[in-house]
Ligand code: ATP
Ligand code: MG
């Protein structure tokens, strides 16, 4: 792992420079995110996965070289050679005193946004040019946080003994009703893009005990909200010999672990984004759906028992509950067939909320084949379409529980973005299929 990566364009990466002695000769390669000219001194900040300040004095370089440096602008890809100097004026404490700067690739036109500008074109305009938008340091910070969230998830679950699995994304039938599926041609048959790995992860928990998957889910809904996408990344977790309380305990530990990891490993990025994520306190509040409805009525909202919570209702609740909280025991009619029923017309289910955003849904699963068939029928679906799943129950099915967590939503909340598309590399929504 310690083998140094170098090429014709670079002898070091910026992160390695702080380990070298003063005066070491180096070359680096990357693109320029800022150019400043003060009298006879030019400064570049170059990004190569990290940032490094490069400086040259007019009097100390060859006239030709100085001329080349004056041509360099933001977004140019460059290879720079020079010597290491330790100085307080460089943000990282070290800079490259340039001896030469070669332009490797040059834009033929400038993007409609400066790397550090606060006045930006609309998100849609930026998404049209996403690969270039992603050269802005603010997005470097957001996507570093995204990276850490994914790393932290895996670390946490693996440490708790979960096995990472993969399930098919091309499927034969709906998991939760047919409305929200993207159909596609599968040779001579109709197939669909999976809206969730639900039934597969349940089968895998029966075989492997504790499993998780991080993969896209596809939802063909005609939404227009700040928090929906047609393709979104989901963390799916399933555990054998567990009920919904056990998975809520796991989920709150997971969220707290992710928050702490982001605070610890992304301190510079959070500072760059001007963000201070408060520590989350456990246990999270667990409020029954019943109680939520009464609360909404107290707050003057016209909330009907058995109805889903509107965005207005969720925003109202976010004013009351400032930290992540669970809404538990949802009415039977609002939850899918694979969720276990409980007395009183409700289910052993939960949604994890943070602000007005639903981050995760989960529950105890039905482990009796008879109840599952009954629930499938009750939702107007045909048990025959689920034969491949129902047959597994004949070989024994332990009690099990799990959840699906919207990874893009979690990152949106952690980075305080007001549109989920801000935290996704190439988002898909009803009006966007490119880039
Ligand atoms: P919502 O009610 O907000 O549309 P849902 O209840 O339909 O969400 P679930 O089927 O419970 O969603 O999916 C589990 C989790 O996956 C959700 O809690 C959410 O975080 C995430 N998720 C679901 N659909 C989307 C979507 N279209 N875009 C982004 N994230 C989603
Ligand atoms: Mg849900």
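The values are calculated or read from the model by the stated rules, or taken from the named source; none is laboratory data. Predicted model, so just to flag it, every value in this text is computed and none were measured. Here the Cβ positions follow ideal geometry from the backbone for every residue, glycine too, while neighbour counts run over all protein chains shown.
Per-structure values
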| item | result |
| --- | --- |
| Residues satisfying the stated conditions in the range 389-404, i.e. touching a helix residue (DSSP H, G or I) at 6+ places or on another chain (Cβ under 7 Å), away from ligand 1 (no atom under 14 Å from the Cβ) and in contact (Cβ under 8 Å) with a residue 40 or more places away in the chain | 389, 392, 397, 398, 400, 401 |
| Unique residue being free of Cβ contacts under 8 Å to residues at least 40 places away in the same chain and either farther than 25 Å from residue 112 by Cβ or assigned to a strand (DSSP E or B) (or both) when the list is 6, 85, 81 | 6 |
| Residue match in the range 349-362 (condition: within 16 Å of ligand 1 (Cβ to nearest atom), more than 15 Å from residue 284 (Cα to Cα) and free of Cβ contacts under 8 Å to residues at least 60 places away in the same chain) | yes |
| Members of the range 269-320 that are touching a helix residue (DSSP H, G or I) at 6+ places or on another chain (Cβ under 8 Å), closer than 30 Å to residue 143 by Cα and surrounded by fewer than 13 Cβ atoms within 10 Å (Cβ to Cβ) | 276, 279, 282, 283 |
| Residue tally, condition under 22 Å from residue 136 (Cα atoms) and surrounded by 15 or more Cβ atoms within 10 Å (Cβ to Cβ), over the range 64-91 | 10 |
| Filter result for residue 26 (at pLDDT 95 or above, in contact with a helix residue (DSSP H, G or I) (Cβ under 7 Å, 6 or more places away or on another chain) and closer than 19 Å to residue 87 by Cα) | yes |
| Among residues of the range 356-380, those that are within 16 Å of ligand 2 (Cβ to nearest atom) and either modelled with pLDDT of 95 or more or buried (at least 22 other Cβ atoms within 10 Å of the Cβ) (or both), counted | 10 |
| Cβ pairs under 7 Å, 6+ apart, first in the range 213-229 and more than 23 Å from residue 163 (Cα to Cα) and at pLDDT below 95, second within 6 Å of ligand 1 (Cβ to nearest atom) and assigned to a loop (DSSP other than H, G, I, E, B) | 221/228 |
| Any hit, the range 365-388, residues being more than 10 Å from ligand 1 (Cβ to nearest atom), closer than 30 Å to residue 277 by Cα and in contact (Cβ under 8 Å) with a residue 40 or more places away in the chain | no |
| Search result, residues across the range 159-177 that are modelled with pLDDT under 95 and surrounded by 15 or more Cβ atoms within 10 Å (Cβ to Cβ) | 171, 173, 174, 175, 176 |
| Set 215, 220, 194, 180: member being under 18 Å from residue 392 (Cβ atoms) and in contact with a strand residue (DSSP E or B) (Cβ under 9 Å, 6 or more places away or on another chain) | 194 |
| Only listed residue being at positive phi and either more than 16 Å from ligand 1 (Cβ to nearest atom) or in contact (Cβ under 8 Å) with a residue 24 or more places away in the chain (or both), chosen from 243, 209 | 209 |
| Which listed residue is under 30 Å from residue 427 (Cβ atoms) and assigned to a helix (DSSP H, G or I), from 119, 126 | 126 |
| The range 281-308, residues that are in contact with a strand residue (DSSP E or B) (Cβ under 8 Å, 6 or more places away or on another chain) and not in a helix (DSSP H, G or I) | 284, 285, 286, 287, 288, 305, 306 |
| So residue 130, is it over 18 Å from the mean Cα position of the chain (by Cα) and more than 16 Å from ligand 2 (Cβ to nearest atom) | no |
| Some residue of the range 321-339 being without any contact (Cβ under 8 Å) to a residue 24 or more places away in the chain, farther than 21 Å from residue 277 by Cα and within 14 Å of ligand 2 (Cβ to nearest atom) | no |
| Test: residue in the range 405-424 that is away from ligand 2 (no atom under 16 Å from the Cβ), without any contact (Cβ under 8 Å) to a residue 40 or more places away in the chain and surrounded by 16 or more Cβ atoms within 10 Å (Cβ to Cβ) | no |
